[in-house]
Structures are given as structure tokens and as C-alpha cells.
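I have placed the structure first, in the form of C-alpha cells, so that the comments after it can refer back to it.
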Amino acid sequence: MSTPDRAPAPHPDHRFSLANERTLLAWLRTALALVAGGVAMTQFVPELGLPAGGPAVSVALVLTGGVTAVAGHRRYRRNERAIAADEPLPVSTAAAWVTGLVALLAVVLLVLVAVEIGRG
């Protein structure tokens with residue numbers, strides 16, 4: 001009994017994979033900016049509102065940068081698999097989580113800056 005020959009799956013349009021790669025690079029640029037901001041905080045704002053304010057924000061920025069890089073890579077791999085299988089792209093909540101983390105950091109920074117200004 002012979003099995004029927006199957007035609008190989010068509011290769012997806014390379015433009016989709018390249019667009020997916022550009023999106024990954026955008027996530028990595030964002031992650032790098034967050035990490036650089038964390039390093040800058042330790043160098044230029046050692047005490048921000050509280051004795052450990054600057055270092056606390058620095059650690060949070062670096063961790064958020066790491067989360068952003070990992071989330072971007074996970075999203076890239078999931079999308080690449082969907083593109084290769086000619087399936088719809090999976091829904092991702094990564095952007096919402098990273099946005100929430102950055103917004104939370106902005107609020108914390110705003111409070112610490114206000115405390116610093118109040119201390120005069």
C-alpha cells in the first residue's frame with residue numbers, strides 16, 4: 001500500500017517573517033532603553049525622594065527591561081510558528097503587561113520626584 005505524495009507546504013512570504021523580526025528588534029530597543037535608564041538612575045540620581053529611591057527605581061527599570069526582552073522574544077517565536085503554519089497570529093498580552101509596568105514606574109518616579117522637590 002503506497003501513501004499518496006503530499007505537496008510540500010508552501011513557504012510563507014518572507015516579508016511576514018522580516019516584519020516579525022523588525023517587531024522583535026523594536027521590543028529589544030525598548031528593553032535596552034529601559035536597562036540604560038536603570039543604569040543612568042544609579043549614576044545620576046542616587047537619592048531620589050528617599051535614600052534608596054534611585055536604586056529601587058534602577059532595579060525596577062532593569063527588571064522591566066529584562067521582562068520586555070523576554071516577552072518580545074516569546075512573541076517573535078510564537079508569531080514565527082504561526083506564520084510558518086499559515087495560521088492566524090496568536091493573541092499576546094505582553095504589550096499590555098509591559099505598558100502597565102512602564103506606567104507604574106512612571107507613577108513611582110513622579111511621586112519620588114515630588115518628594116525630592118518637597119525636600120527642597
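The values are calculated or read from the model by the stated rules, or taken from the named source; none is laboratory data. All values reported here derive from a predicted model rather than from experimental measurement. Note: ideal-geometry Cβ built from the backbone for every residue, glycine included; neighbour counts use all protein chains shown.
Residues in segment 82-91: is at least one part of a helix (DSSP H, G or I) and of a type in the set (Gly, Ala, Ser)?
Looking through segment 82-91, at least one residue is part of a helix (DSSP H, G or I) and of a type in the set (Gly, Ala, Ser).
Which of the residues belonging to segment 96-113 are under 14 Å from Ala31 (Cα atoms) and either charged (D, E, K, R) or exposed (fewer than 14 other Cβ atoms within 10 Å of the Cβ) (or both)?
Listed by number, the list holds a single entry, Thr99.
Can you name the number of the only condition in (1) under 22 Å from Ala60 (Cβ atoms); (2) of a type outside the set (Val, Ile, Thr); (3) not in a helix (DSSP H, G or I) that His73 fails?
So His73 meets the others, but not (3).
Select from segment 31-60 the residues that are closer than 14 Å to Leu101 by Cβ and surrounded by 15 or more Cβ atoms within 10 Å (Cβ to Cβ) and write down the one among them that is farthest from the chain's Cα centre (by Cα).
Checking each candidate, the answer is Val57.
Contact list please: Cβ distance under 7 Å, first residue in segment 41-54 and over 16 Å from Val107 (Cβ atoms), second residue surrounded by 14 or more Cβ atoms within 10 Å (Cβ to Cβ) and of a type in the set (S, T, N, Q), pairs at least six apart or on different chains.
That search, which allows pairs on different chains as well, returns Thr42/Ser58; Gly54/Thr42.
Pick from Leu28, Leu63: which is surrounded by 13 or more Cβ atoms within 10 Å (Cβ to Cβ), farther than 24 Å from Leu89 by Cβ and at pLDDT 95 or above?
Leu63
Would you pick out the residues in segment 72-89 that are surrounded by fewer than 16 Cβ atoms within 10 Å (Cβ to Cβ) and within 18 Å of Thr30 (Cβ to Cβ)?
His73, Arg74, Arg77
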